[in-house]
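A short write-up of the structure that comes next.
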Amino acid sequence: MGPVSNLRPSPGAWLLLLTIVLLLTAAQGVLLKAQTAGVRTVWDGVYTDAQAARGTSAFSQSCSNCHTLASQGKGPLIGDKFWEGFAQRTVGDLLTYVKTNMPNGNGGSLPVSTYNDLVALILKSNGFPAGTVEVAPETVAGVQINPKGGPGELPNNTLVRIIGCLARKGNDWVLTSATVPERVERIGARAADGSGALGDRTTTLKFVLTRLDSFAGQRVSVTGLLIGAGGANGINVSTVNRVGDTCP
């Protein structure tokens, strides 16, 4: 057998390899940017000014007897009440709620386009910017309703579920290793509450009306209203259900 030849790549091969590496890096950047851009929020402009203007007329005719576009007064649709109801939900959820419940006692009685216009007006009244595409079920299904800086904490008075380990702290019952509060539509535990990761929070249980001594040291699921953003001052308890014999 003759001597092994020198298999060092030619300059052209090195250039081709470098080009491939650069193209792959660029493609990864484009993909990451696309994934990030795919999460749309109310700050991206999801209604038009013309649509909100149409909503003003519809609101006056069908909604103003029961609601106000102010943070105070009768049935407020902006400010704290808006965030309590819809923070960390989607504009699609808001649209479904308006269709189902408005006008009060006669939900679903208005034209579909009118409900779209009313949601545009609610968004505008809450200070979210206009865009170039009108509100419609297919355009707002995944649009997140978050504060400008990100999801943040759920606001005071939001109905939530928290799962953690029940313990006594002074005169209070608390949840240790508690999960981040999760918005819920109804009180009570779910089958899934007995499994899954816990968190690193401690939440104080307030206004507890039942004896909990037999649950001490066990995994429980609690539903109730947040007291302070994220439950900073505890949770106004509606239900406490044992979902695991040991904890964590």
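Using every pair of alpha-carbon atoms in region 158-248, split the distances into 10 Å bins beginning at 0 and state the percent of pairs per bin, rounded to integers.
The calculated distribution, bin by bin, is 20, 59, 21, 0.
What are the ³J(HN,Hα) couplings of region 199-210, residue after residue, when phi is run through the Karplus curve with 6.51, -1.76, 1.60 and θ = phi - 60°? Round to Hz, x for glycine and proline.
Result, ordered by residue: x, 10, 9, 10, 10, 8, 8, 10, 6, 7, 9, 10 Hz.
Using a basic spin-label model with each label point 7 Å from the Cα along Cα→Cβ, how many nm lie between Asn233 and Thr202?
Taking the two extended label points, one gets 2.0 nm.
For the chain: lysine pairs with Cα atoms under 27 Å, gap of 8 or more or different chains, count?
12
Which length gain, in nm to one decimal place, applies between Gln218 and Ala192 when the Cα-Cα distance is subtracted from 0.36 nm times their residue separation?
Value of the extension gain: 7.8 nm.
For a quick check: with amide H placed at 1.01 Å from N, whose amide H comes under 5 Å from Thr48's, ignoring anything fewer than 5 positions away on the same chain?
Gly131, Val135
What full-extension length gain, to one decimal in nm, is calculated for Asp49 and Asn157 as 0.36 nm per residue of separation minus the Cα-Cα distance?
So the extension gain works out to 35.7 nm.
Taking every pair of Cα atoms in region 120-159, average 1/r, invert it to obtain the Kirkwood radius, and report Rg/Rh to two decimals.
Expressed as Rg/Rh, it is 1.00.
Does a label point 7 Å from the Cα of Asn101, set along Cα-to-beta-carbon, have any residues of region 128-159 with amide nitrogen under 16 Å, and which are they?
The answer is 155, 157-159.
With a 1.4 Å probe and all protein chains left in place, how much of the accessible area of region 79-228 comes from carbon and sulfur atoms, in whole percent?
Of all accessible area on region 79-228, carbon and sulfur atoms account for 51 percent.
Could you list which residues have their amide H under 5 Å from that of Arg201, counting only those 5 or more apart in sequence or on another chain, with H placed in the peptide plane?
Close amide H contacts, sequence-distant or interchain: Ser177, Ala178.
In what sequence, largest accessible area first, do Lys169, Lys206 appear using a 1.4 Å probe?
Lys169, Lys206
Do me a favour and compute the ellipsoid semi-axes for the chain from its Cα gyration tensor, root of five times each eigenvalue, largest one first, whole Å.
44, 36, 14
Using alpha carbons only, how many angstrom separate the centre of region 190-248 from the centre of region 91-144?
34 Å
Output ³J(HN,Hα) for region 146-161: one whole-Hz value per residue in order, computed from phi by the Karplus curve 6.51 cos²θ - 1.76 cosθ + 1.60 with θ = phi - 60°, and x for Gly and Pro.
10, x, 4, x, x, x, x, 8, 5, x, 3, 6, 7, 6, 9, 10
Calculate one ³J(HN,Hα) per residue across region 39-50 by plugging θ = phi - 60° into the Karplus curve 6.51 cos²θ - 1.76 cosθ + 1.60, and present them in order as whole Hz with x for glycine and proline.
So the J values, rounded to whole Hz, are 8, 8, 10, 5, 7, 8, x, 10, 9, 10, 4, 5.
Among Ala191, Ala216, Ala87, determine the one that fluctuates most according to a GNM of the chain built with springs between C-alpha atoms less than 10 Å apart.
Greatest mean-square fluctuation among the candidates belongs to Ala191.
Give the list, by residue number, of cysteines in the chain with no other Cys Cβ closer than 4.7 Å, or say none.
Lacking a cysteine Cβ partner under 4.7 Å: Cys63, Cys66.
Tell me which residues come under 5 Å, amide H to amide H, from Arg190 once H is placed; ignore anything under 5 positions away on its chain.
none
Counting heavy atoms of the protein chains only and a 1.4 Å probe, report the per residue accessible area for the chain as a whole number of Å². List each step's numbers first, then the result.
Numbers: 14080 Å² over 248 residues.
That works out to 57 Å² for each residue.
The values are calculated or read from the model by the stated rules, or taken from the named source; none is laboratory data. No experiment lies behind these values; they were computed from the predicted model shown. Every residue, glycine as well, gets a Cβ built from its backbone with ideal geometry; the counts of neighbours run over all protein chains shown. Only protein heavy atoms, including side chains, enter the accessible area calculation; ligands, DNA and RNA are left aside. Shrake-Rupley method; radii C 1.70, N 1.55, O 1.52, S 1.80 Å.
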